[in-house]
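Chemist: Attaching a single structure in structure tokens format; questions to follow.
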Amino acid sequence: MKKIIPVLSAGFGEGHNAAARAVVAAINREPIGAEAEFHDIFLEAYGQEKAHKQRDSYIQVANRFPKLWGCLYAALHTLPLVEISLPFLGPVRRRLLELLDSTQPKIVISAYPLYNYQIERRWKLSDPARPYIITVVTDSVSVNRAWHRAYSDVYVTPNQATSDVMIKQGVPKEKILAYGFPVSDKLASRSSATASGRPRVLLMLNPGRKDAVQMARALSELEIDLTVTVGKDAEFKGAVEAAVAGRAEVLGWTDRITALMLSSHIVISKAGGATTHECVAAGVPMIISQVIPGQESGNARLIVDHDAGCLGLTPESMKTAVATAFADDFKVWRRWKKNVESLGDAQGANRIAQFVKERLAK
């Protein structure tokens, strides 16, 4: 029987999926005697329509009621809410155990902590059939305890600062691997932008923001080459195009994000786990346009505390931040660029793949 390594994810925040897919790609780039498979268990358990409704509900609460979401996140940190929710997630449990029973994996990689609780209830630690669990933590710096209240053999963290937080929370140091956030190997070449020529800025707009159109308009008034991504909403795209009046390139859904990131001097986006760590991996300074309380606060701290970018939470402050970055012969941008390049690289997924290879050899 072909050896399978399930890589488990969920669509509640793109960081989980991005990390999981990067790990799958890295493991499958070279033969190691097993094949990694991406599995969104919620999607497989509930079907596309219901799973997408669950995801959209999460996004709406996080965007429209950030303070409420912050309270929920804090409650997850201190109370056993995940454990309480398990009886209400029967389809997820059944699909997960069906997958594990059919593949009998030696190793399971989890990029979403809820699955660890289900696995913990399936096997005793002493059971020789229990798979070895690698948990890929997609929070940075501000780590919710829900990640490690359930058992895992090791935890992969985005950086040493995150590892230090988890150690203070009681996770044994020997179980933590500061390998870096798993990102696409396409980012390994790092940004080609230099302190010369006309500045290039990538603005990744969140359609859920009321002032999103104003952000695009404000930035389009600067002497920069501006590219704006807006997602799949055609009406929103039209509003942005009208606001920038030909002074910026406006893209709907696109597969050019990686190329745009690598060619830009600055990326402006919400502090999502995937985007923040892709900027770090690519060596691109970041201006943070939005911070969802809880899981994104640590990503924002990573950038701001290390002077690898700044906050720009309103159209006015964002415009000022961009203008300041490129003033005086790119003075501020040069500092940001040097600092962001020291925060990490694009090898996180490859390090996980090498660890899996060594583990299988044992």
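The values are calculated or read from the model by the stated rules, or taken from the named source; none is laboratory data. Everything numeric in this text was worked out from a predicted model, so none of it was measured. Reconstructed Cβ throughout: ideal geometry from the backbone, glycine too, with neighbour counts over all protein chains shown.
Chemist: Based on what the data block shows, is residue 79 free of Cβ contacts under 8 Å to residues at least 40 places away in the same chain and surrounded by fewer than 13 Cβ atoms within 10 Å (Cβ to Cβ)?
Modeler: Yes; evaluated as a whole, the condition is true for this residue.
Chemist: Counting just the residues of region 41-74 that are of a type in the set (Gly, Ala, Ser) and modelled with pLDDT of 90 or more, which one comes out nearest to residue 170 (Cα to Cα)?
Modeler: 45
Chemist: Out of everything in region 1-58 that is among the small types (Gly, Ala, Ser) and surrounded by fewer than 16 Cβ atoms within 10 Å (Cβ to Cβ), what residue ends up being farthest from the chain's Cα centre (by Cα)?
Modeler: Here the answer is 33.
Chemist: When you go through (1) modelled with pLDDT of 90 or more; (2) touching a Gly at 6+ places or on another chain (Cβ under 8 Å) one by one for residue 14, which number turns out not to apply?
Modeler: (1) is the only condition that residue 14 fails.
Chemist: Pairs only if they're at least six apart or on different chains, beta carbon under 9 angstrom, first in region 319-330 and free of Cβ contacts under 8 Å to residues at least 12 places away in the same chain, second of a type in the set (Val, Ile, Thr); list them, first residue then second.
Modeler: Qualifying pairs under 9 Å: 324/332.
Chemist: Do we have any residue at all in region 70-85 that's in a strand (DSSP E or B), under 19 Å from the mean Cα position of the chain (by Cα) and not hydrophobic (A, V, I, L, M, F, W, C)?
Modeler: no
Chemist: Separate question: For residue 345, state whether it is modelled with pLDDT under 95, more than 25 Å from residue 140 (Cβ to Cβ), among the acidic types (Asp, Glu) and assigned to a loop (DSSP other than H, G, I, E, B).
Modeler: no
Chemist: Something else now. Just to verify a result, which residue in region 341-357, among those that are of a type outside the set (A, V, I, L, M, F, W, C) and farther than 14 Å from residue 5 by Cα, is surrounded by the fewest Cβ atoms within 10 Å (Cβ to Cβ)?
Modeler: For region 341-357, the residue satisfying everything is 342.
Chemist: Of all helices (runs of 4 or more DSSP H) completely enclosed by region 204-271, which ones contain at least 2 residues that are surrounded by fewer than 17 Cβ atoms within 10 Å (Cβ to Cβ)?
Modeler: Answer list for region 204-271: 234-244, 257-263.
Chemist: So, one more: Hey, can you tell me all the residues within region 166-186 that are at pLDDT 95 or above and either β-branched (Val, Ile, Thr) or within 18 Å of residue 341 (Cα to Cα) (or both)?
Modeler: If the condition is that a residue be at pLDDT 95 or above and either β-branched (Val, Ile, Thr) or within 18 Å of residue 341 (Cα to Cα) (or both), then 167, 171, 176, 178, 179, 180, 181, 182, 183 are the ones that fit.
Chemist: Looking only at region 166-195, count every residue that is touching a Phe, Trp or Tyr at 6+ places or on another chain (Cβ under 8 Å) and touching a residue at least 40 places away in the same chain (Cβ under 8 Å) and tell me the total.
Modeler: Here the count works out to 3.
Chemist: Check off (1) part of a helix (DSSP H, G or I); (2) at pLDDT 95 or above for residue 287 and give me the number that stays unchecked.
Modeler: For residue 287, the exception is condition (1).
Chemist: Related question: Across region 123-149, which residue is farthest from residue 361 (Cα to Cα) among those that are among the aliphatic types (A, V, I, L, M), in contact with a helix residue (DSSP H, G or I) (Cβ under 7 Å, 6 or more places away or on another chain) and free of Cβ contacts under 8 Å to residues at least 40 places away in the same chain?
Modeler: Among those residues, the one meeting the criterion is 137.
Chemist: Of the residues 314, 324, which single one is touching a helix residue (DSSP H, G or I) at 6+ places or on another chain (Cβ under 6 Å) and β-branched (Val, Ile, Thr)?
Modeler: Among 314, 324, only 324 is touching a helix residue (DSSP H, G or I) at 6+ places or on another chain (Cβ under 6 Å) and β-branched (Val, Ile, Thr).
Chemist: Kindly list the number of the only condition in (1) assigned by TED's automatic domain parsing to the domain that holds residue 228; (2) polar (S, T, N, Q); (3) in a loop (DSSP other than H, G, I, E, B); (4) at pLDDT 95 or above that fails for residue 152.
Modeler: Unmet condition: (1).
Chemist: If I ask for residues that are under 21 Å from residue 298 (Cα atoms), surrounded by 15 or more Cβ atoms within 10 Å (Cβ to Cβ) and among the basic types (Lys, Arg), which ones from region 313-340 would you list?
Modeler: Correct list: 337 only.
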